[in-house]
Amino acid sequence: MSVPVSLLSLLLSTALVQDLPPLPKGLSGDSDKEQKQEQEKSASSPSGLPSLPTGLGKTDEKDKPVQDKALPSLPSGLGSAPSSTDTPDAEKSAPNWFMEHFTGFVEARGGIRLQEDETQDGASIGEIRTQLQTELSAGPALFNLTADFLFDPVANDYAIDLEKGRGFIDLREANMVLRPSDFLDLKIGRQIATWGTGDLVFINDMFPKDYNSFFIGRDDEYLKAPSDAIRASFFSDIVNVDLVYTPRFDADRYIDGTRISYLNPLTGMIAGEDMVIDPVRPDGWFDDDEIAIRFSRNAGTFELAAYTYDGYWKSPAGFNTQGRFIFPELAVYGASIRGPFLGGIGNAEVGYYDSKDDPDGDNPFLPNSQARFLVGYEREAMTNLTIGLQYYTEQTLDHDALAAALPMGAEEPDEIRHVITTRLTKLAYNQNLTLSLFIFYSPNQEDGYLRARASYKLDDNWLVDGGVNVFYGEPQAFFGQFEDNTNIYAGLRRSF
């Protein structure tokens, strides 16, 4: 080939190349630049992988995935992420958790005797008491627990006895409540039961009482002692029935000489800590049991009720052949009525006490059968002043047989004991101050018992109170035997 031809071919080939359409990416000769740019982008990725579309990978701050951004706070209880104001339960302080689950009070109480008692200490009461209450729902059941914790330097014995209420724990309630149907309620376990119409006078209420607490100045609520029982309440349009079954006998927390001195009938002398009563106590489960039943209904504005009880005298009232105190068997049948009367509330109650161990009434070492009767009336005499009156009798039904069987020289008891009670209650200072006076007086035995108490609410939590218990009469009389236990007391309570 000649030089001109070669030069012409070179010019033609150059022109053709410049006029060719661009090749697809990757097939053109300019792909080196593009590949270099792609390699630079790839090199910017730490993994060397191609970059992901916007929103699918971490690139810069504005492209962060949603989960990496701060989430808006959810309402409390709807999200697992706690807000800055929520505190997990595990991190709640113990005091807050305690206040949410328990109520109760802390109380300090002290009292002294107003005269010398050779058988007792000068202090009648001196204790610090904390009561805790709580309840828990679990399915259809409601559980209740009330326990008192005591520091009691007046007591000589700190051993726990839950039945007698001694030691540093007094278990007041520990029960389960069920409603298996619309007409039946059940309460099973330790509980405080009461019924009847009397004001501090009990005829058909055969549930345990704590007379030591009553006489030394504890709050009135402690007059009622707990029972370990099953209570079934049946409801109907005709009559309501309450049945309380106690599988093992629960006695009163009776006067035994540990806190209150008494007249010992065996010696005819006042006794106390030098002669504490140690009775033979029925304590067999399901053998030494008790059952109490009440039938009740309303008739207009009146409450009518009938009662029956089968068990034992609640305090040691007899002696066995060894001269030890015992709880004789007892059955009680009674009735009551309560309703509006002469501008106030009237009530009447009767009871027949069948002393089953002495049906003929001729055993002087066992209690005779009795008929008991009570009539009462209460009304507001003027604003914030309430007056209550009661008349009560106990009649020995086989008195002649008892008198004939008495040992020579023994004093014959009265056939009937009459008792009149009076209650005055005055509220003042926006009902923050309560003044109460209650008097028992027996006109035929000429003895009595006076309870005076004043309490003042300092605020919603603090309560201060004080009072006096005065006994008077001959030592052979019911209240007269406690004359050396006359005392004065004061207390301060903080509720929570």
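The values are calculated or read from the model by the stated rules, or taken from the named source; none is laboratory data. Keep in mind that what you see is a predicted model, and the values were worked out from it rather than measured. FYI the Cβ positions are ideal-geometry reconstructions off the backbone, even for glycines, and counts take in every protein chain you see. Side chains are part of the model used for accessible areas, which takes the heavy atoms of the whole protein and leaves out ligands, DNA and RNA. Shrake-Rupley method; radii C 1.70, N 1.55, O 1.52, S 1.80 Å.
Those strands (runs of 3 or more DSSP E) of the range 93-177 in which at least 1 residues are closer than 23 Å to MET275 by Cα, considering only elements entirely within it, cover 103-113, 123-138.
Within the option set GLY480, GLY467, being in contact (Cβ under 8 Å) with a residue 40 or more places away in the chain, open to solvent by less than 40 Å² (accessible area, probe 1.4 Å) and small (Gly, Ala, Ser) holds for one residue only, GLY467. Give the residues of the range 209-260 that are of a type in the set (D, E, K, R) and part of a helix (DSSP H, G or I), sorted by residue number. Passing the criteria: ASP220, GLU221. Every listed requirement among (1) of a type in the set (A, V, I, L, M, F, W, C); (2) touching an Asp or Glu at 6+ places or on another chain (Cβ under 6 Å); (3) more than 26 Å from ALA305 (Cα to Cα) is met by ILE203 save one, (3).
This table checks each residue for (1) under 23 Å from THR393 (Cα atoms); (2) in contact (Cβ under 8 Å) with a residue 24 or more places away in the chain; (3) among the aliphatic types (A, V, I, L, M).
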| residue | (1), (2), (3) |
| --- | --- |
| ARG417 | yes, yes, no |
| ASN430 | no, no, no |
| TYR449 | yes, yes, no |
| LYS457 | no, yes, no |
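Total residues in the range 398-420 satisfying the condition of being in a loop (DSSP other than H, G, I, E, B) and open to solvent by less than 70 Å² (accessible area, probe 1.4 Å): the figure is 5. Tell me, please, whether a residue that is touching a residue at least 40 places away in the same chain (Cβ under 8 Å) and under 17 Å from VAL201 (Cβ atoms) can be found in the range 274-292. Taking every residue of the range 274-292 in turn, none turns out to be touching a residue at least 40 places away in the same chain (Cβ under 8 Å) and under 17 Å from VAL201 (Cβ atoms).
Condition check ((1) touching a helix residue (DSSP H, G or I) at 6+ places or on another chain (Cβ under 8 Å); (2) modelled with pLDDT of 95 or more) across all residues:
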site: ALA159; (1), (2): no, no
site: LEU162; (1), (2): no, no
site: LEU171; (1), (2): no, yes
site: ILE188; (1), (2): no, yes
site: LYS209; (1), (2): yes, yes
site: LYS224; (1), (2): no, yes
site: ILE230; (1), (2): no, yes
site: SER233; (1), (2): no, yes
site: ASP242; (1), (2): no, yes
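Take the residues in the range 119-137 that are open to solvent by 50 Å² or more (accessible area, probe 1.4 Å) and farther than 21 Å from ALA108 by Cβ; name whichever of them is nearest to the chain's Cα centre (by Cα). Out of the qualifying residues, it is GLU135. Of the residues making up the range 186-203, those that are open to solvent by 10 Å² or more (accessible area, probe 1.4 Å), touching a residue at least 40 places away in the same chain (Cβ under 8 Å) and more than 16 Å from the chain's Cα centre (by Cα) are LEU186, TRP195, GLY196, THR197, GLY198, ASP199, LEU200, VAL201.
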